[in-house]
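Laboratory data are not the source of any read-out in this text; all were calculated from the coordinates shown. The shown structure was predicted, so the numbers you read here are calculated from the model rather than taken from an experiment. Reconstructed Cβ throughout: ideal geometry from the backbone, glycine too, with neighbour counts over all protein chains shown.
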């Protein structure tokens, strides 16, 4: 039981009425029902597209909703034929492509439990997950993924390994190409239709829809078990909060890992429930080019994606030699920001603000959005970490309202959201329909509702640690709540810095200020049990070289560039500007610029580009020790 909780933002009667309305929509249904309905309603409309095996003369390979369901049923039949039983786990390691979605849907239709695994995990990490989840079958894309599964394959739980890349299929009875697997499933299905119908009957809304292994920011990942009821409730409530209920007309891009809950809700579960057309990008580096081609109507990005868009535009503006062009853009973006802020809760739109924005949009903002491929966007979202306010304001300057949302895997994704019904920049919005969200006495965000996970797979103790006896999920995040019912996230509870003087400091606030410099790629503030705060920084591998070229700095590689006095002077300027906005205990007293970038492959970041603070602290312990070797002034 948790004492001294704040009052929920909506009265309980209203929350329960909202919940009952959505519950009535999803009652008794599984994803099998949802896909069948969507395939019937939108049979010949496009469902999924990707760049693999593209027909001659086309830019994309596309499946309609009817083709998607039919192939998913063939995959299900192939799984049954391979001896995969009800409730068995089916692991998938692949980039975002049609086959990844089909493998997931096919497993569901075989009454098995699909689980997407991050492509960047090491063999040891994959082995840990496989030992705990004991998959009966794995769908892997290529030889790299086969290597990552070496330990897991040796573990012996797998009855079959299906490989998407036909050229990478190893010798042996254990292995089979995807093409042969699906063809065999189609043949088996023709003669065993009753078996599939029986499998469908084995499922109910409480059956697992997936096991979602967290990205492991604080140790070994935990398997979040989400049910059919969880994911369908989340899909309806999230789409409603986003104003995307008419999903059939929406075009979007899937590029985040499908092991991430946001991508699963937006790219997998939401479309199965509501329809729409999803373009799959296997390499996130191709995202900006894809945006310019697809021009999505809905677009979701983790904060790092929006930061990269901001720094890219900022660098191009900085490189423009014509001050008149720069002033035009700056004035137009000021009009765009005023227009967005006028639409916030508490704001006031005036004819003058509207007219100024329309003039700015016609002059340059519309062109900039067209260049970015964001000109058709009616909903833009961000999550995984709080969106830095300056980044949100920058995007607002383009006339884009990026709706920040908040959630976690353990509650099937978003539980608060900004949206067309009400938003405030710098917040993560109000609770989504039917969700109870409030703050504990110490500011921790607590959540309760139909999206709460069934538990951690085979980790009952960890489940009890996060879900209390009254059903409240303890998020581990510290939040605030304003008078209009909008939540903001301060930082992770365990990541707050407590200095030796007893000052509580949120590192993300410091880091966001530092990253406003376009040349800084990542920043980590450190100071727990220390007399002052220091920072470890990296350069942005794309923007820093452009800046160096503009100011005439020659260098051989990023490591060389990080040592150049001109670059280090720019970093010091960024630190000084950040410190000017921070209280004295928060100010960065010493810093070091590393010679390499941080990536998911180099272990400092999760696959969704969040900092692994423990890894950074361990990997750069000598650097941090050096920063504290000489007392700061």
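Overview of values
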read-out	value
The range 492-602 - percent relative contact order, Cα under 8 Å, separation 6 or more	29
Hydrodynamic radius of the range 63-203 per Kirkwood, over alpha carbon pairs, in Å	14.8
For the range 322-365, radius of gyration divided by Kirkwood radius, i.e. Rg to Rh on alpha-carbons	1.04
For 562, 177, order by how many other beta-carbon atoms lie within 10 Å, fewest first	177, 562
Distance between the range 497-551 and the range 20-54 - C-alpha centres, whole angstrom	43
Distance from the range 416-480 to the range 562-623 (C-alpha centre basis), Å	30
Rg over Rh [alpha-carbon atoms, Kirkwood Rh] for the range 339-400	0.98
Length-normalised contact order of the range 63-203 in % [C-alpha pairs under 8 Å, at least 6 apart]	29
Principal-axis tilt of helix 12-26 within the chain, Cα atoms, nearest 10 degrees	40
Fraction of antiparallel bridges per DSSP, the chain only, in percent to nearest 5	55
Semi-axis lengths (Å, descending) of the ellipsoid that matches the C-alpha gyration tensor of the range 496-627	24, 17, 13
Debye log10 I(q)/I(0) at q = 0.20 Å⁻¹ for the range 537-591, Cα point scatterers	-0.73
Length-normalised contact order of the range 186-337 in % [C-alpha pairs under 8 Å, at least 6 apart]	16
Compactness relative to 2.2 N^0.38 Å, alpha carbon Rg of the range 1-108	1.53
Size-normalised alpha-carbon gyration radius of the range 430-527, reference 2.2 N^0.38 Å	1.30
Distance from the range 343-383 to the range 236-284 (C-alpha centre basis), Å	23
Ellipticity estimate at 222 nm from DSSP helix runs (n ≥ 4, -39,500 (n - 2.57)) divided over the chain, nearest 500	-12000 deg cm²/dmol
Folded to 0 to 90 degrees: helix 31-41 orientation relative to the chain principal axis, Cα	90
Over the range 280-434, equivalent-ellipsoid semi-axes from the Cα gyration tensor in Å	26, 21, 13
Directionally averaged shadow of the range 353-491, computed from the convex hull of its alpha-carbon atoms, nm²	10.3
Folded to 0 to 90 degrees: helix 178-191 orientation relative to the chain principal axis, Cα	40
